[in-house]
Amino acid sequence: MSSPFRWWKLCVSITLILYLSGPASAEDTVLMAYGGHNETIGPYWVAIDRGLYQKHGIDARLLQVRNAQISLAALVSGEVPIFLPSIANVLSGVSAGAKIACAAFPIKGVSRELVVRKDIDSLAALRGKTIGVQSIGGGFWLQTMMLLDAVGVDPDKIGMKMRVIGEEATIVQALVGGNVDAAVVTLPSAAVAKRGGARTLVTTTDLRIALQTVGLCGRNERIANSPDLMTRLAKGMVDAIVYILDTRNRKEVAAVLKKHLRLNADEDAETSYNSLRTIVSLDIAPDLEAFRNVQRIAARVNPKISQVDVNDAINLSVVKSLENSGYLAEARKTVALQAAR
């Protein structure tokens, strides 16, 4: 048995013991695993901390694992019912025969910066340089590759090297310490890097990158056999999106992000909040364009992904239920009224 697998089994076992030893509740307890620790998890943190899942009879719990590959293993084994991955990890699982799909996504687009050592002043200067990532093929790597692709940089053609460092905070430390030359990080991390002497070379603000991430994904049989539970999970997520987009909740959302991201400065929490607002979206239905865009990039490290029919990784039943019931329409109406104030 591999070391990562033992580590994951230990984490899941301890987590389940703690949950099951807690007070009895009439709510459905749902454990959701995720890898990358950044503001894209914000809708789920907000839904839990502000009691939005409880409105729908769900006691939602989040379990952070080392990376999305371990999260996928937990899902496939049945130890974790829901995971919040990048599309690349889902397509990788499907290419290996896993019967999994995604039902809804709260995040649309990319909000990151390419930060580099201060002596790197152009994209051409990236030739032969080293860029830090969390893992090869995961969400962090995917968004790195998508940004580079959007600005016409092919890492292979210019001899850029990918170095697996670890979580985003560790990658920033590696950049500031000179152990890597560049990284594509979230805006709060970019601010930390720049305070340490790095500079921003590219920001995604004006780049139209087709991407969805941290979706509600699970085994096909789970989605099919638990339609009510999946719908309620999606409703809690939708409520969180509406809450985040309401500017009256700015301080509360920033405080949630500051707590979970362990940010020291209110300024960084505000940056994280503003970043999240630019990518959180009520367009939660799995998007074929986004899936195909990810497929094109992810196939570079896993050619089998190019053979996947992306429709096999998409389940539209939950979103259709929310549309038919008027729940999404009401949420859109609420957001529109908020914007008109």
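Relative contact order of the chain: 26 percent, from C-alpha pairs under 8 Å at least 6 residues apart in sequence. Here the 3J(HN,Hα) profile of the stretch 307-316, calculated from phi with Karplus coefficients 6.51, -1.76 and 1.60 at θ = phi - 60°, is 8, 6, 7, 4, 4, 5, 9, 10, 10, 9 Hz, Gly and Pro shown as x.
Count the DSSP beta bridges whose two residues both fall in the chain, then state the antiparallel fraction as a percent rounded to the nearest 5. Antiparallel bridges: around 55 percent, rounded to the nearest 5. Taking all C-alpha pairs of the stretch 202-341, those more than 19 Å from each other amount to 63 percent.
Amide H contacts for S86 (H built 1.01 Å from N in the peptide plane; partners 5 or more residues away or on another chain; cut-off under 5 Å): G139, V214. For the stretch 161-238, the Kirkwood estimate of hydrodynamic radius, built from reciprocal distances between every pair of different alpha carbons, is 15.8 Å. Remark on V30: its backbone amide H falls under 5 Å from those of D59, A60, R61, a criterion applied only to residues 5 or more positions apart or on other chains, H modelled at 1.01 Å from N. With 24 Å as the limit, the listed pairs K157/K194; K108/K161; K55/K320; K235/K304; K129/K258; K235/K320 have K157/K194; K108/K161; K235/K304; K129/K258 beyond it between alpha carbons. The charge dipole of the stretch 91-198, taken about its Cα centre with unit charges on the Cβ of Lys, Arg, Asp and Glu (plus for the first two, minus for the last two), comes to roughly 60 debye. Applying the Karplus relation 6.51 cos²θ - 1.76 cosθ + 1.60 with θ = phi - 60° to the stretch 322-330 yields 3J(HN,Hα) values of 5, 5, 5, 7, x, 5, 5, 4, 5 Hz, where x marks Gly and Pro. Scaled against 2.2 N^0.38 Å for its residue count N, the alpha carbon radius of gyration of the stretch 79-201 is 1.13.
What part of the accessible area of the stretch 187-341, given as a whole %, is carbon or sulfur when the probe is 1.4 angstrom? All intermediate terms of the calculation are to be shown ahead of the outcome.
Values: 3650 of 7610 Å².
Of the solvent-accessible surface of the stretch 187-341, carbon and sulfur hold 48 percent.
The values are calculated or read from the model by the stated rules, or taken from the named source; none is laboratory data. The model shown is predicted, which means the values in this text are computed figures rather than measured ones. Cβ sites come from the backbone with ideal geometry, for glycine too, and all protein chains shown count toward neighbours. Each accessible area value is taken on the protein alone, full model and side chains, heavy atoms only, with ligands, DNA and RNA left out. Shrake-Rupley method; radii C 1.70, N 1.55, O 1.52, S 1.80 Å.
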